[in-house]
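The values are calculated or read from the model by the stated rules, or taken from the named source; none is laboratory data. Here the structure is a predicted model, which means the values were calculated and not measured. Cβ sites come from the backbone with ideal geometry, for glycine too, and all protein chains shown count toward neighbours. When the accessible area is computed, the model is the full protein with side chains, heavy atoms only, and any ligands, DNA or RNA have been set aside. Shrake-Rupley method; radii C 1.70, N 1.55, O 1.52, S 1.80 Å.
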Amino acid sequence: FLQVRFHPDDRPKLLEMLERVKHHDVPYELESRVMHQDGTYHWTLGQGELFRDANGVRSYFGTVQDINARKQPEVRLKETEARLERAIRGADAGLWEIDAKTNETWVSPRLAEMLGYEHERFLVDHKFLYSIAHPEDAGKVRKLTREHLQKDTPFNIEIRQRVHVRWCAVADEA
């Protein structure tokens, strides 16, 4: 089993799983990359469980599946998300989005940071983004947002933030 060439990044979780299985009678499951003969790594899923014979001797029964085709889109999505996050940080930009059907609001962690709030605050209260606009700007924000959603037109607005009077430039496109 250990003669298989696992990806170096996967070895710690492999060794942790082996230790757990060695000391506890628990099933195991592990997604890891294994080197093929051509030198490329392919994703596999190993699953198994412990059996004991009448004398208490432990043995494992398991399977290994090639999950490379399923894993590749996941890997590409993570890479794309990381690239987007780097671009957002590099541009020093915060993003937000409103679902036109549900009115649910999403903000990027960077926007929450820029506004001085914990990101979780926006996840719990989808109207929080509106509530932090300065009272003199709140009506203008609601009006432009409504027009934007109805007419599918981009808008730009500068608003002040309630509490920390801070100017923010906001731009949006449908």
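Would you be able to tell me the number of residues in segment 120-142 that are open to solvent by less than 40 Å² (accessible area, probe 1.4 Å) and either within 11 Å of Ile159 (Cα to Cα) or polar (S, T, N, Q) (or both)?
Residues meeting the conditions: 6.
If a residue has to be outside any helix (DSSP H, G or I), within 30 Å of the chain's Cα centre (by Cα) and either within 23 Å of Met114 (Cβ to Cβ) or among the basic types (Lys, Arg) (or both) to count, how many in segment 133-157 make the cut?
The qualifying residues number 5.
Can you confirm whether segment 103-119 contains a residue that is open to solvent by 90 Å² or more (accessible area, probe 1.4 Å) and aromatic (Phe, Trp, Tyr)?
Yes, segment 103-119 contains at least one residue that is open to solvent by 90 Å² or more (accessible area, probe 1.4 Å) and aromatic (Phe, Trp, Tyr).
Taking only pairs six or more apart or across chains, which ones have beta-carbon atoms under 6 Å, a first residue in segment 23-41 that is under 16 Å from Asp10 (Cβ atoms) and open to solvent by 60 Å² or more (accessible area, probe 1.4 Å), and a second residue that is of a type in the set (A, V, I, L, M, F, W, C) and part of a strand (DSSP E or B)?
Tyr41/Met35
Do you know which residues across segment 35-87 are under 27 Å from His24 (Cα atoms) and of a type in the set (Asp, Glu)?
Hits for segment 35-87 are Glu49, Asp53, Asp66.
Restricting attention to segment 105-132, report how many residues are in a loop (DSSP other than H, G, I, E, B) and in contact with a helix residue (DSSP H, G or I) (Cβ under 7 Å, 6 or more places away or on another chain).
Residues meeting the conditions: 3.
Taking Thr145 as the residue in question, decide whether it is surrounded by fewer than 11 Cβ atoms within 10 Å (Cβ to Cβ) and of a type in the set (Val, Ile, Thr). Spell out the reasoning first.
Values: surrounded by fewer than 11 Cβ atoms within 10 Å (Cβ to Cβ): no; of a type in the set (Val, Ile, Thr): yes.
No; evaluated as a whole, the condition is false for this residue.
Kindly establish whether Glu173 is open to solvent by 40 Å² or more (accessible area, probe 1.4 Å) and modelled with pLDDT of 80 or more.
It is false that Glu173 is open to solvent by 40 Å² or more (accessible area, probe 1.4 Å) and modelled with pLDDT of 80 or more.
Can you name the condition, by its number, that Phe6 falls short on among (1) within 22 Å of Arg76 (Cβ to Cβ); (2) surrounded by 10 or more Cβ atoms within 10 Å (Cβ to Cβ); (3) free of Cβ contacts under 8 Å to residues at least 12 places away in the same chain?
The number of the failed condition is (3).
Just need a number here: residues in segment 64-98 that are over 30 Å from Glu49 (Cβ atoms), open to solvent by 70 Å² or more (accessible area, probe 1.4 Å) and touching a Phe, Trp or Tyr at 6+ places or on another chain (Cβ under 9 Å).
Result for segment 64-98: 1.
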